[in-house]
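These notes are about the structure you will find just below.
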Amino acid sequence: MHDLSGKSVWITGAGSGIGEAIAKSLAAAGAQVALSARREEALQKVANEITSDGGKVEIHPLDISNSDQVADAARNIQASMGKINVLINCAGMNSPKRHWRDLDIADWHRIVSVNLNGVANTVCATLPLMRAQKDGLIINIASWAAKHEFPVAGPAYVASKRGVVDLSHSINQEEMHNNIRCCCISPGEVATPILDQRPVPIKEDERALMLKPDDLADMVTYVIAAPARICFNEIIMSPTHNRTLLPQP
């Protein structure tokens, strides 16, 4: 078990899936966690479970695509926790109608506003705090689709996640002199609720072979626990049985 006592961590997309698993893992390791997502009731449920296990947690509901809400949350978290050592961007979305043949431009804007602009919003709100403390780690959850051809994801999702990869590398290029690091993690298929938005339903036996949210949580915990001299610039991980390498419908 890694000891993350003294770490203050802000996690977006923390109401379910990967974000929820990361929040619970980090709290169990001793970190103080601030949880953000749109649905307050989902955040409160996760927070209650963390509290019942003795963890330190607070919730800050927001729409990550709204830069004003994000900036307010960053200030409030800084005020209540005293610092933000780690920012973890897990919020993400897609649309069932995701291919050019039936993609509505409103869905394109919605996907990009969450998956890419939302990351930029949290980074812009948090970097000044990290610069002031001369310490910081940002972890962005991208996607296997950002690194390898995976048409099932749809063009808006792929474009937004590829943007997250490049955004992440730019942080390391520009902020290393402030002792700020960024790790971009691009997972293959993970068994989370976002799979329910797939145009073609995924069978339970197929989901059982996918990565689990806890797999991502373990990786994130390892990255945070590593010495500050180490920067994991990019991590790509997939299920051993990688369906993305098979012909897709």
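Looking at segment 125-153, which of its residues are surrounded by fewer than 17 Cβ atoms within 10 Å (Cβ to Cβ) and hydrophobic (A, V, I, L, M, F, W, C)?
Ala132
Among Ile180, Ile194, which is in contact with a helix residue (DSSP H, G or I) (Cβ under 7 Å, 6 or more places away or on another chain) and over 29 Å from Ala132 (Cα atoms)?
Step by step, each of Ile180, Ile194 is checked, and only Ile194 is in contact with a helix residue (DSSP H, G or I) (Cβ under 7 Å, 6 or more places away or on another chain) and over 29 Å from Ala132 (Cα atoms).
Pick out the one residue from Ile64, Ile22, Ile50 that is more than 17 Å from Met93 (Cα to Cα) and without any contact (Cβ under 8 Å) to a residue 60 or more places away in the chain.
Just a single option satisfies the conditions, and that option is Ile50.
Could you count how many residues in segment 187-196 are surrounded by 15 or more Cβ atoms within 10 Å (Cβ to Cβ), of a type outside the set (Ser, Thr, Tyr) and at pLDDT below 95?
6
Taking interchain pairs and intrachain pairs at least six residues apart, which have beta carbon atoms under 7 angstrom, with the first residue in segment 213-230 and assigned to a helix (DSSP H, G or I) and the second surrounded by fewer than 15 Cβ atoms within 10 Å (Cβ to Cβ)?
Met219/Met237
Considering only residues of segment 68-96 that are within 16 Å of Trp10 (Cα to Cα) and small (Gly, Ala, Ser), which is surrounded by the fewest Cβ atoms within 10 Å (Cβ to Cβ)?
Ala79
Which ones in segment 197-249 are open to solvent by less than 90 Å² (accessible area, probe 1.4 Å) and among the aromatic types (Phe, Trp, Tyr)?
Within segment 197-249, Phe232 is the sole residue that qualifies.
The values are calculated or read from the model by the stated rules, or taken from the named source; none is laboratory data. Fair warning: this is a prediction, and the values are worked out from it, not measured in the lab. Here the Cβ is made from the backbone with ideal geometry for all residues, glycine too, and neighbour counts use every protein chain on show. Ligands, DNA and RNA are stripped out before the accessible areas are found, and what is left, the full protein with its side chains, is counted by its heavy atoms. Shrake-Rupley method; radii C 1.70, N 1.55, O 1.52, S 1.80 Å.
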